[in-house]
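Have a look at the structure below before the remarks.
Nothing in this text is a laboratory measurement; each read-out follows from the coordinates by a stated rule. Quick caveat: nothing in here was measured; it's all calculated off a predicted structure. In this analysis, Cβ positions are derived from the backbone assuming ideal geometry, glycine residues included, and neighbour counts consider all displayed protein chains.
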Amino acid sequence: MSQILDRHYANPDVLVSTDWVAEHLTDPKTRIVESNEDTLLYAAGHISGAVHVDWTSDLNDQVRRDYVGRDAFNALMSRIGVTRETTVVLYGDRNNWWACYAFWVFQLFGHTNAKVMDGGRLKWEKEGRPLTREVPQYPATSYHAPERKDAAIRAFREEVLAHVQRHGQLVDVRSPEEFSGTRLHMPEYPNEGAMRGGHIPGARSIPWARAVNTEDGTFKSAEELRALYMEQNGLSPRNETIAYCRIGERSSHTWFALKYLLGFENVRNYDGSWTEWGNMVGVPIEK
Amino acid sequence: MNPPSLQKLLDTFAMFPDPADRIELLLSYADRFKEVPPDVARRPFDKSHQVPQCESDAYAWAVKQPDGTLALHFAVENPSGVSAKALAAILQKTLSGLGPEEIESISPEIVEQIFRQNISMGKGLGLMGMVNAVRALAARARS
């Protein structure tokens, strides 16, 4: 795959290569963070010096359906030895699906000094780079996040409904079967289903993984992404856009691609997604 | 009812309710995983032995021994398939040497007993697919 700069992204600084990470393993200004779906993976081997952030226990509130508040986020960042100035580099399994999700949550607290390692675990492993089981310990920091600010990048159901009524841009990143309503949940995720199948009216079906090269998990070039999102599906980078999936994790990957790689001006992730919309009484649905 | 060898292992896992301890135990099995020997199967593996639903690209074989028991073998092609390797090692250790009827009687629910909170929904179904693949191989060997 070509170098990141050769792919002409709107914000290339948000991606780093596996080479870059290999050169910054001991950089005290950088913290490498692994976030996976598979909870065994980090323990089985991770990039030297990388810390683990678990999307369920570290990023989600443990009682109500929401993300952690400022105090819990401060505690997390303190535990992994991150200050407001630290460059956080996220990577993980499944083509960085969970890394992008963690990146999005970090943005709710304004940690803009964050990047994603292009290709994630898959590329690192395919390149035969070393992994370790040694869990690093970093001195706890005193991290002071601002209050969580959802408005700019997170959409709620009433906002989505208003967006639908004014025929705004919506991207459904689930599988075609979920989009059409023939399937009520993602293949192999039966517990995250909904009472109704289909999609939010007006949404374009653009499965999230079409933004990556399957052989190494890297993001496709800006030209390829433009062809996918703009030419084939008619999205405009100037129009307000909302992406959704099932619980907001796959759509955080698409949010990342649209906002940073293509420079869409106003993109939000609807994390309520189909598990909320497909269960709500009275909202419009298309099949 | 599970075969005694499998039940003994499940009882051991039940003694480790803490997720971190359980991860260590699972990793110790993953580390002991031994791929299918070349006299049983070579790459490219026959797709008829591929485990349906398993995102770790796992394969399973059951070789009938002269005494009528089965020897189980596995391959896991995804380098990140740590959970699949752990389960393969467990199934091989506890079920190899048993008769087809005993192997066929095991329940896919053992996946939940072994992995508990250390498993995502998708991965859980894939691992249950491994158990079901072994049961199907046992049923075929019995018929």
- prompt: Counting other C-beta atoms within 10 Å, which of A:Asp150, A:Asp6 has the fewest, and how do the rest follow?
  reply: A:Asp6, A:Asp150
Sorted peptide list for A:108-114, A:164-170, B:72-78, criterion being average Cβ within 10 angstrom, highest first: B:72-78, A:108-114, A:164-170
task: Over the whole of B:74-80, what's the average partner chain Cβ count within 10 Å per residue? Rounded to a whole number, please.
output: 3
- request: Quantify how strongly other chains surround peptide A:45-56 by giving the mean number of their Cβ atoms within 10 Å of each of its Cβ atoms.
  value: 1
- line: For region B:1-43, Rg(Cα) over 2.2 N^0.38 Å is 1.56
task: Specify the residue with the greatest mean-square fluctuation among A:Thr39, A:Thr87, A:Thr241, computed from a Gaussian network of chain A linking alpha-carbon atoms under 10 Å apart.
output: A:Thr39
message: If each DSSP helix of 4+ residues adds -39,500 (n - 2.57) and the sum is divided by the residues in chain B, what number results at 222 nm, nearest 500 deg cm²/dmol?
response: -15500 deg cm²/dmol
message: Between B:Asp39, B:Asp11, B:Asp31, where does the largest GNM mean-square fluctuation fall for chain B, given springs only between Cα atoms within less than 10 Å?
response: B:Asp39
task: Anything over 32 Å Cα to Cα? Flag those among A:Lys123/A:Lys287; B:Lys8/B:Lys34; A:Lys29/B:Lys85; A:Lys29/A:Lys123, in the order listed.
output: A:Lys123/A:Lys287; A:Lys29/B:Lys85
message: Please check: in the Gaussian network model of chain A (C-alpha springs, under 10 Å), which one of A:Pro139, A:Pro201, A:Pro176 has the largest mean-square fluctuation.
response: A:Pro139
- prompt: Fewest first, what order do A:Met117, B:Met15 take by the number of other Cβ atoms within 10 Å?
  reply: B:Met15, A:Met117
query: Using the 10 angstrom Cβ neighbour count as an exposure proxy, how do B:Lys64, B:Lys8 rank, fewest first?
result: B:Lys8, B:Lys64
field: Cα gyration tensor shape of chain B, rounded if a/c is under 1.5, else prolate or oblate by comparing a/b with b/c
entry: oblate
task: Please report the base-10 log of the normalised intensity I(q)/I(0) for region A:178-266, using a Debye sum with one equal scatterer per alpha carbon and no solvent, at each q in 0.11, 0.16, 0.25 (1/Å).
output: -0.33, -0.69, -1.34
task: Have a look at A:Val82, A:Asn96, A:Val16 and report the one farthest towards the positive end of the charge dipole of region A:5-126, computed about the Cα centre with Cβ charges (Lys/Arg +1, Asp/Glu -1).
output: A:Val82
- request: With no solvent and one equal point scatterer per Cα, compute the Debye intensity ratio I(q)/I(0) for region A:5-126 at 0.21 Å⁻¹ and report its log10, rounded to two decimals.
  value: -1.27
Qualifying GluC sites (Glu not before Pro) for region A:113-197 [loop in DSSP, other Cβ within 10 Å: at most 14]: A:Glu127, A:Glu134, A:Glu147
task: Using only C-alpha atoms and all pairs of different ones, pull out the Kirkwood radius for the protein assembly as shown in Å with one decimal.
output: 23.1 Å
- prompt: Summing -39500 (n - 2.57) over the DSSP H runs of n ≥ 4 in chain A and dividing by its residue number, what mean residue ellipticity at 222 nm do you reach, to the nearest 500 deg cm²/dmol?
  reply: -6500 deg cm²/dmol
field: Gain upon complete extension [A:Gln3, A:Glu231; 0.36 nm per residue less C-alpha separation]
entry: 79.7 nm
